[in-house]
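For reference, the structure discussed in these notes is given below.
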Amino acid sequence: MLRLESEELPAPGPGEARVRHTAIGVNFIDTYHRSGLYPVPSLPSGLGVEAVGIVEALGEGVRDIALGTRVGYATVPPPSAYSDARNVSADRLIPLPPQITDQTAAACLLQGMTAEYLATRTVDIDRGAPVLVHAAAGGVGLILCQWLKLLGAHVIGTVGTAAKADLAAAHGCDVPVVYTRDDFVEAVRHETGGRGVAVVYDSVGKDTFERSLACLARRGMMVSFGNASGAPPAVEPLELSRGGSLFLTRPTLGDYIATREELLASANALLEHVRHGRIRVNLSQTWPLHEVADCHRALEARQTTGSVVLMP
C-alpha cells in the first residue's frame, strides 16, 4: 500500500547533503520495489530512486557540492525519492546545467544514463547494424532509439499501439512494429532478410524473452534489462548455442556508474546530447506526489509513454 507520511528529517550525516526536491522521476523499478520483485532493505520503506532539487544543507566533509547547487541523482539507495526532501550521499549528486529544467532532468537522468550504457558500453554497435528495442515508446526506449540512431544503427522497435508507433518513429525508430497486431519475430526476419538483429534490448521480460532470442543473428547479443511483464524465464546454455552461439547479458545501471567518475561521465554525455537537441526527452505526464498510487496504476497498465514525473 502507498501512503504519504510525515517524518522528521535528521541533519545530513558525514559526506551527505540534504536535497529539497523540485521534481521526482518515476521508473518501472519503483513498481518492482513496491511489489517485492526487487526487495527493499526493510519495511516500511520509501520509494523512488531519482529526483532533482536544491542542496539546502551539508554534512561534515562535503567539499565538491555547495549550498544552493541545483542537482539530480539516480539509483541512490535506499529508495526514498518520493519525498519533499532527503539526505543523499554527496558523491552521488550530479550538478545540472542551467539550460535543462528540473522536470526534464528528473524525466531523463535514470532512463537516459540507462540508454547511455546500453548503447555505448554494453555492446559495440557497428554503423548500419540492425537492432531491436522493445517498449520503444517508453521512457528508456525513446531515448535509446535516439542514441542508437546517433551511432548509425538501424532501429526496429516494438510498441503496443499505432499512436505509440508514430511516437517511436519520431524519436529515431526506423521500423516500429505494433506487437498487438504483428508478430515481431516475423517482422524482424523480414526487415533483416532473414538474418536477424545484432542486438535485442529487452526491458519487457517474461512476455518477450524467448521470442527475442529467435530474433538474433548468429553471435547476436541478448540484453535483458527489465521485467515489465514479469521476470524472464530461466535459459539453458545449450539454447544459446543452438540459436547461433548467442550472447546473453543482464546489466544494471548501478554497475556502470559505480564510481563518481563513471557517474559523471554518463550523466554529462546524456546532458550534452539533451542540451544540444540531439536527444529529445518526452515528458508525457506530471502527477502530484499525493496521487502516486494512480500514477503507478497507469504505468503498470502501459497507459503512459515516455517519461513521467511526480511534483512534490
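Here is how the numbers come out for the structure above:
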| item | result |
| --- | --- |
| Selection count where residues are among the aliphatic types (A, V, I, L, M) and in contact with a strand residue (DSSP E or B) (Cβ under 9 Å, 6 or more places away or on another chain), scope the range 1-20 | 4 |
| Enumeration of residues in the range 101-136 that are crowded, with 24+ Cβ neighbours inside 10 Å and in contact with a Pro (Cβ under 8 Å, 6 or more places away or on another chain) | LEU118, ALA136 |
| Residues satisfying the stated conditions in the range 56-105, i.e. touching a Lys or Arg at 6+ places or on another chain (Cβ under 7 Å), among the β-branched types (Val, Ile, Thr) and modelled with pLDDT of 95 or more | ILE100 |
| Matching residues in the range 1-26 - criterion: being under 15 Å from PRO78 (Cβ atoms), touching a residue at least 60 places away in the same chain (Cβ under 8 Å) and part of a loop (DSSP other than H, G, I, E, B) | LEU9, PRO10, GLY13 |
| Boolean, GLY244 is over 13 Å from GLY157 (Cα atoms), outside any strand (DSSP E or B) and touching a residue at least 12 places away in the same chain (Cβ under 8 Å) | yes |
| Checklist (1) crowded, with 20+ Cβ neighbours inside 10 Å; (2) part of a loop (DSSP other than H, G, I, E, B) applied to SER45, failing item | (1) |
| Filtered residues of the range 141-170 (kept if surrounded by fewer than 22 Cβ atoms within 10 Å (Cβ to Cβ) and in a loop (DSSP other than H, G, I, E, B)) | LEU151, GLY152, GLY160, THR161, ALA170 |
| Among residues of the range 288-299, those that are closer than 18 Å to GLU50 by Cα and either buried (at least 19 other Cβ atoms within 10 Å of the Cβ) or among the charged types (D, E, K, R) (or both), counted | 5 |
| Selection status of GLU291, over 25 Å from GLY152 (Cβ atoms) and in a helix (DSSP H, G or I) | yes |
| Test: residue in the range 72-92 that is assigned to a helix (DSSP H, G or I), of a type outside the set (A, V, I, L, M) and either buried (at least 17 other Cβ atoms within 10 Å of the Cβ) or within 19 Å of the chain's Cα centre (by Cα) (or both) | yes |
| Which listed residue is loosely packed, with under 13 Cβ neighbours inside 10 Å, outside the structural domain of PRO232 (by TED's automatic domain parsing), closer than 27 Å to HIS276 by Cβ and out of contact with any Pro (no Cβ under 9 Å at 6 or more places or on another chain), from PRO97, PRO10 | PRO97 |
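For every residue, the table says whether it meets (1) under 14 Å from LEU132 (Cβ atoms); (2) more than 22 Å from the chain's Cα centre (by Cα).
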{"residue": "LEU150", "(1), (2)": "no, no"}
{"residue": "ALA153", "(1), (2)": "yes, no"}
{"residue": "THR158", "(1), (2)": "yes, no"}
{"residue": "ALA162", "(1), (2)": "no, yes"}
{"residue": "HIS171", "(1), (2)": "no, no"}
{"residue": "VAL177", "(1), (2)": "yes, no"}
{"residue": "VAL185", "(1), (2)": "yes, yes"}
{"residue": "ARG189", "(1), (2)": "yes, yes"}
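The values are calculated or read from the model by the stated rules, or taken from the named source; none is laboratory data. This one's a predicted model, so the numbers in the text were calculated from it and none came from an experiment. Using ideal geometry, Cβ is built from the backbone for each residue, glycine included, and neighbour counts are taken over all protein chains shown.
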